[in-house]
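See structure below.
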Amino acid sequence: MTKSDHIERYLKALSDSGSSVLTIKNYRSDLLAFEHWTTDNHAKSKLENLNLSKIIQDYADELVDEEYSPSTVERKLCSIKRFLEFQNIDTRPIAHLVQRYKPQVEQEPVWLTNKQLSKYLAELEINGFEEHVAIVLFILNTGVTASELCQLTWGDLASVETHGGRKRRFTISVGQGKRARQIPLTEAAAEPLLVFGLDSLADHFKKKLKKPIFEMHGKAFTPKMVHYLVDKHAYFFDFSVTPQILRNTFCKRMADADVPLQHLAKMIGVKPEAARVYYAQPVAGLEQLLAAAEKVSI
């Protein structure tokens, strides 16, 4: 069995365990890159017989020389470590190397203020294609990631009955594995889908089930394309806009509207502790601190 066969067997195990398509894609990219590197540098050696600590250190050094960020190096080393563990190879000698590149301080999420959001949407409305406007509004009203958005098909959309039955309401199945969830679509979230053919869906429903929702001129959007179209409309501003920042903005607006933490976490497919970053902690004044201290006075 070749190294590539071992990699494919590992990726199948990840798929069977519910890992997302994007996760598996990243693992494949990281592991094949490492395989090519070891083939070029240690073609006649087996991984079991190599000095892993030395080999991984050399590989990490080369990644740094190629100007990969520490977080990317850490991700690639983690991919290799987990693959080797799957092969029942002792990875303790390289654990400290992985830790070395781990970011020491997690970056706080960035979102748009109401003023920034208004300026960005005004620019988008004037100069953006209607498909671009629709994609931005969909993210802002659902909190999906760019990858999740690109994977959506018409088969993920479901109609639900509402009280009185006067209005059509929809839910959409988003994500895979542990992040799979049903998102209820408000009118503001469903309206962008009209640009991509929601109003004519019933006429060709069976044919469209596996068809990506977000297409333009017959070509499905990719995460890279989504990132480009979102970013380019913020070019003249003094603030950045990315699909992740739009998602963060959705989350922050939900938190500011007093949506319970558990509800937001379920909506965006993360654990409550991860969603907690969007809930601003009130700054205590002198009176509040004094009152708190008096409660525990002895």
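Which one of these is open to solvent by 50 Å² or more (accessible area, probe 1.4 Å), within 21 Å of Lys102 (Cβ to Cβ), modelled with pLDDT under 85 and of a type in the set (D, E, K, R): Asp65, Asp40, Asp5?
Just a single option satisfies the conditions, and that option is Asp65.
Could you list, in sequence order, all residues of region 118-132 that are within 25 Å of Ile172 (Cα to Cα) and open to solvent by 20 Å² or more (accessible area, probe 1.4 Å)?
Leu121, Phe129, Glu130, Glu131
Is there any pair linking a residue in region 23-40 that is within 13 Å of Tyr10 (Cα to Cα) to one that is among the small types (Gly, Ala, Ser) and not in a helix (DSSP H, G or I), with Cβ under 9 Å and at least six apart or on different chains, and which?
Within 9 Å, the pairs are Tyr27/Ser19.
Output the residues belonging to region 228-276 that are touching a residue at least 24 places away in the same chain (Cβ under 8 Å) and assigned to a loop (DSSP other than H, G, I, E, B).
His233, Ala234, Phe236, Phe237, Phe239, Ser240, Val241, Gly269, Val270, listed by residue number.
Tell me which residues, restricted to region 213-227, are in a helix (DSSP H, G or I) and either touching an Asp or Glu at 6+ places or on another chain (Cβ under 8 Å) or surrounded by fewer than 14 Cβ atoms within 10 Å (Cβ to Cβ) (or both).
Lys224
Out of region 43-61, which residues are modelled with pLDDT of 80 or more and surrounded by 12 or more Cβ atoms within 10 Å (Cβ to Cβ)?
The answer is Ile55, Ile56, Gln57, Asp58, Tyr59, Ala60.
Could you tell me which of the residues Glu273, Glu287 is surrounded by fewer than 11 Cβ atoms within 10 Å (Cβ to Cβ) and within 20 Å of Gly175 (Cβ to Cβ)?
Going through Glu273, Glu287 in turn, the sole match is Glu273.
Kindly indicate whether Ala95 is small (Gly, Ala, Ser) and touching a residue at least 24 places away in the same chain (Cβ under 8 Å).
Here the answer is no, as Ala95 does not meet what is asked.
Check Ala158 against each of (1) assigned to a loop (DSSP other than H, G, I, E, B); (2) hydrophobic (A, V, I, L, M, F, W, C); (3) surrounded by fewer than 18 Cβ atoms within 10 Å (Cβ to Cβ); (4) touching a Ser or Thr at 6+ places or on another chain (Cβ under 9 Å) and name the one condition it does not meet.
With respect to (1) assigned to a loop (DSSP other than H, G, I, E, B); (2) hydrophobic (A, V, I, L, M, F, W, C); (3) surrounded by fewer than 18 Cβ atoms within 10 Å (Cβ to Cβ); (4) touching a Ser or Thr at 6+ places or on another chain (Cβ under 9 Å), Ala158 is out only on (1).
The values are calculated or read from the model by the stated rules, or taken from the named source; none is laboratory data. The shown structure was predicted, so the numbers you read here are calculated from the model rather than taken from an experiment. Don't worry about glycine lacking a Cβ; one is built from the backbone with ideal geometry, like all the others, and counts go over all protein chains shown. Heads up: the accessible areas ignore ligands, DNA and RNA and are worked out on the full protein's heavy atoms, side chains in. Shrake-Rupley method; radii C 1.70, N 1.55, O 1.52, S 1.80 Å.
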